[in-house]
Every structure is written in structure tokens, then in C-alpha cells.
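Trainee: I'd like to ask some things about the structure below.
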Amino acid sequence: MAPPAPLLAVRGSEGLYMVNGPPSFTESTAFQRDSGKNCKAVAFSKDGSLFAWCNGEKVNIVNVTSAEFLCSLDLPKAVCLEFSPKNNILATWQAYTNTIANKLHLQKVNDFVLSPGAQPTKVAVYVPGSKGAPSFVRLYQYPSFAGPQSALANKSFFKADKVTMLWNKKATAVLVIASTEVDKTGASYYGEQTLHYIATNGESAVVQLPKNGPIYDVVWNPSSVEFCAVYGFMPAKATVFNLKCEPVFDFGTGPRNAAYYSPQGHILVLAGFGNLRGQMEVWDVKNYKLISKPVASDSTYFAWCPDGEHIVTATCAPRLRVGNGYKIWHYTGSLLHTYQVPSNEEMWQVFWQPFLEGVFPVKAVKYQAVPSELPSTEPKPAQAYRPPALRNKPVTSSKLHEDEPPQNMKPQSGSSDKPLSKTALKNQRKHEAKKAAKQEARADANQESTQPSAPQSAPRSTVPAITSGDPEVDKKIKNLKKKLKAIEHLKEQAAAGKQLEKNQLEKIQKETALLQELEDLELGL
């Protein structure tokens, strides 16, 4: 039996109501519209079967699966609602009066984040630095809060006025975005930002981002084995990293400042909202292949449907008070449904009904746009202004920035640091012999070119640089030499006594494999 279509809850000046998900998009009869304008607190249960809301008079609870009204509570001032994981308790918040069960004694704690998922619960705490001491983030497992020795992991760092801490879904690691309000070098209006990785097994590292500039967004894949960072001065880069903080895939540069994984983790959307024009790039994560590039202009909200196939984008107040409404898309780029509230009304919130993990299994990724009754809304590219004197002349293209294309950065097969087999060792010696012979021949040719010769009637032409004839091979050779140069620089730093990070040491360990790969490519020249 196929799972039901998720409902979409909408809250605004028109009241609180629900809309049936694809393919009908009609108002749901499982929930009777509350037409009041004072609804501020709403919540679904974890499995999406129960729904509670406070309308300024009472807290009401309904079963949206059976369309049954369950109860009403006289709590007019409730501003936050939360169902327990087993749906038998509803917690409401007005003013804090609970009894403290356990307490973490840590001076100057500035922020903390609880881990998601089942118990045992873990907590990440942040303490800002002072008087020359560094800031630090520590991971604890509740209720073991007895001092630093009970911490699961600790990571200290300078340059942090505030941090953002992000747990992965399995609660095995935390990503920390450390930010300063002011960049003392004057290079960035946004201050300075660095990205750190901390695992509950004690491992930690600085995530090396190869482009300078702000960090716009960092998100975990629901699989908890990789994460995506969007960073750098516009056009921004986006890169997927593994748990060793090694780059796996670089999406190149583009107009984006946000990333969203599907609930199943098989699709990734890179988007440019806010002061960008709303372009979305939808990527197949397994094959790193671009699926579609829809445009959702003026969007202030984005959310994946639990089915992993549909997306809602919305323009909500108070961020934007004009043109409020929402759109439902298929990830292949098709616009399936759109709703715009009347000009004298506002929409404040829109969100999907949740479902338990496993209700919607992963489906094969489609690349062809699904049918839609609505026309494409992708705007035509705006033409740049040209003064009258140049309008009848050929257009010359010029760019402020060169776009960087996507690049697969997964380690190639055979590039591991394991000992070579006898056959591989024999082949390596053959390669070395061929390389030595080739280098000797080049040396002889260079020596002959420097010998004096008879005067010639015409000057000798410059010898062109040796290339493979294949731009891709030449690019690989250039990148390998760049990496080897960086490794040499790290080795010099280590020799000078500098303490290297774990990921920097791992880069040095790859030197042999990179040299072998470079040698193999150059032998083909």
C-alpha cells in the first residue's frame, strides 16, 4: 500500500488550514480551518498523525489521520508546543517552572545544542575565549557532566565571537561554524569564518575551504557520512566533504548561498535566495549529475516534502509583505501548484506534515521533467544595458569572474597507500625506466639546441611547451603539480616545528600516490 500524500499546513491572516499534497492540492477536510488571526503556536507529532495549535484562546489537538477532534486545553498564552516521541504527551511552554534534574557546571557557557535522535542524548557546549585564552566546544553525553575529563571531545580555536553548532542525524559528529564580527585584515565585510569538525570519538579537524570569503551554509547529509558547505565570495563555491574532511565533489562556482539535502539524502539542492534571484540547482548525489535548474524568485522559505520528490518554496511575511504565497515543485524542475494570497492578506508560515523514517523509501532519480499543467515560470535572462552608440556593434563578452566547473574529487582507484604487489612493483620499475630514458632524451635535445650552429637566414622559432593534446589530461597534470607543491609547503612547515592539523598530515601521506599518478600521466606524453 502506497503511503499517503503529506499535508501542507498554512498559517497566515486567512487563518490556519491544511492543503492536500500532490497530486490534488485541495484544502484538506481532515482539518477544519481555524479562521482566527491570533494563531502563533503550531506543532505536528513526530509521525504526523497528531496536530496541535493555540489560537489565543485554547490549545486544540486533532488526529489528522482519522479527522477526529481529540481535546481542548485552557492555555491561551501557550507560545510553544511539542509532542513527545510516542505521541502520548504534549508539552506546552508559557514560562519556565520545571525542576532541574542535572546541571553542567561550566563557567561562561554561551551556547549549547542537544543531539537529535534516540537516547543517550549528547550535548555540544560553547565557551567563548577571554584574556588570550581560546574559545572551545566540548561534547558531553547526558548525564555525565562531571568536568572536562568526562567530555567526549574538545576542540579549541581562536577568532570566534559566536558559533553555530550542527549535529549530524546519527549524533556522531558536530560541525562548528566559528565567526568573528570584524575581519581585522579588512578583506571581508562579513568578518571571518572558519569551519571545524568534532566527532564524539575525540577526533577533530579544521575543514580547509579553498576559496576565501564568508560561509553561507553548511548542511549534513541525512546519511551522516558527508556534509556540504557553501562558501566564498560570489560566485560562491559548494563542496561535499567526507568524515575525514576531504573534498569529495566540488560543484564549481555559482549564484548560491544555501544547500538542502532531501530527507533520503539522495538529492541535493543548491540555491540562491535572499539578495540572489532564486536559482536552484538540483543534483543527483550518487552520480553527481545535474537534474534541473528551476527558478523561485523572491523565496524566503524552502522545504523538502517527506516523500523526497516534491519541494515547497514560499514568500512569507514579515520578511516580505508583498506577493505572499507558495509554490510546489517536482525536483525535475516542473512547477505543479502555485497559490498567491490576496493582496490585502499575509502568509506567515507553511510547512509539511512529517512522517517517520522509512515511510517513503528512496526512489530511482529521474532526469526528465514530470508532466505539469502549469507553464514554466523560468524568467528570460535580462539583457545588459548598452548605450545607443554601441547598439549596432558586435557584442563583446566580458566577465568579472571566471566560472569554475564542477569537479569530482574522489580518490582514484589504485591511489591508496597500501604496499604494492610484485606485479605492480615490476610495472612501476618499467615506468621508472621509461621515464629515465625519456628525461635523458630531453636532456640530449636541450644540449644540442644550446650548441653553436651556422648562421641562418631566419630566426629560430620558440619550442612550444610539451602537451598531451588532451586538455583534460593537461588539466589533471597541472592540478597534481599544484597539490604536490602544497604538500611540499606543508612538509617545510612541519620541519620548521609547526603543529599540523590531522587533515594536513593526511595530505602529506598522499604524496606517493600523487607522484605515481603524475608519473603515469607524463609517460603518455
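The values are calculated or read from the model by the stated rules, or taken from the named source; none is laboratory data. What you see is a predicted model; the values in this text were computed from it and never measured. In this analysis, Cβ positions are derived from the backbone assuming ideal geometry, glycine residues included, and neighbour counts consider all displayed protein chains.
Trainee: Residues that are in contact with a Phe, Trp or Tyr (Cβ under 7 Å, 6 or more places away or on another chain) and exposed (fewer than 14 other Cβ atoms within 10 Å of the Cβ): does the stretch 48-65 have at least one?
Mentor: no
Trainee: Of the residues Val42, Val59, only one is under 30 Å from Asp307 (Cβ atoms), modelled with pLDDT of 90 or more and out of contact with any Ser or Thr (no Cβ under 8 Å at 6 or more places or on another chain); which?
Mentor: Val42
Trainee: Let me ask you something else. Do we find a residue being among the basic types (Lys, Arg), in contact (Cβ under 8 Å) with a residue 60 or more places away in the chain and outside the structural domain of Thr164 (by TED's automatic domain parsing) anywhere in the stretch 221-242?
Mentor: Yes, that holds for at least one residue.
Trainee: Hey, any hits in the stretch 282-289 for a residue that's surrounded by fewer than 21 Cβ atoms within 10 Å (Cβ to Cβ) and in contact with a Lys or Arg (Cβ under 8 Å, 6 or more places away or on another chain)?
Mentor: No, the stretch 282-289 has no match at all.
Trainee: Find the strands (runs of 3 or more DSSP E) located wholly in the stretch 199-288 whose residues include 2 or more that are touching an Asp or Glu at 6+ places or on another chain (Cβ under 6 Å), and list them. I'd like the intermediate steps shown before the answer.
Mentor: Values: elements: 204-206, 215-220, 226-231, 236-242, 247-254, 258-261, 267-271, 280-284.
Strands (runs of 3 or more DSSP E) meeting the threshold: 204-206, 236-242, 247-254, 258-261.
Trainee: Give the residues of the stretch 151-180 that are more than 18 Å from the chain's Cα centre (by Cα) and assigned to a strand (DSSP E or B), sorted by residue number.
Mentor: Ala153, Asn154, Lys155, Ser156, Phe157, Lys162
Trainee: Tyr261 versus (1) under 13 Å from Trp220 (Cα atoms); (2) surrounded by fewer than 19 Cβ atoms within 10 Å (Cβ to Cβ): which is the lone unmet condition?
Mentor: Failing condition for Tyr261: (2).
Trainee: Does Met234 meet the test of being crowded, with 19+ Cβ neighbours inside 10 Å and of a type in the set (A, V, I, L, M, F, W, C)?
Mentor: Against the criterion (crowded, with 19+ Cβ neighbours inside 10 Å and of a type in the set (A, V, I, L, M, F, W, C)), Met234 does not qualify.
Trainee: Could you run through the stretch 107-150 and say how many residues are assigned to a strand (DSSP E or B) and free of Cβ contacts under 8 Å to residues at least 60 places away in the same chain?
Mentor: 13
Trainee: So if I check each of Leu521, Leu500, which one is out of contact with any Asp or Glu (no Cβ under 6 Å at 6 or more places or on another chain) and outside any helix (DSSP H, G or I)?
Mentor: Leu500
Yes/no matrix, rows are residues, columns are (1) surrounded by 12 or more Cβ atoms within 10 Å (Cβ to Cβ); (2) on the phi < 0 side of the Ramachandran plot; (3) modelled with pLDDT under 90; (4) touching a Leu at 6+ places or on another chain (Cβ under 6 Å):
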| residue | (1), (2), (3), (4) |
| --- | --- |
| Leu75 | yes, yes, yes, no |
| Ile89 | no, yes, no, no |
| Trp93 | yes, yes, yes, no |
| Tyr96 | no, yes, yes, no |
| Ile100 | no, yes, yes, no |
| His105 | no, yes, yes, no |
| Pro116 | yes, yes, yes, no |
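Trainee: For the stretch 179-188, state whether one or more residues are buried (at least 21 other Cβ atoms within 10 Å of the Cβ), under 24 Å from Leu243 (Cβ atoms) and either at pLDDT 85 or above or not assigned by TED's automatic domain parsing to the domain that holds Lys244 (or both).
Mentor: no
Trainee: What number of residues within the stretch 1-33 satisfy the criterion of being within 19 Å of Leu73 (Cα to Cα) and surrounded by 18 or more Cβ atoms within 10 Å (Cβ to Cβ)?
Mentor: Of the residues in the stretch 1-33, 2 are within 19 Å of Leu73 (Cα to Cα) and surrounded by 18 or more Cβ atoms within 10 Å (Cβ to Cβ).
Trainee: Applying the selection to the stretch 139-178, what residues are of a type in the set (S, T, N, Q), surrounded by 17 or more Cβ atoms within 10 Å (Cβ to Cβ) and at pLDDT below 85?
Mentor: Across the stretch 139-178, the qualifying residue is only Gln141.
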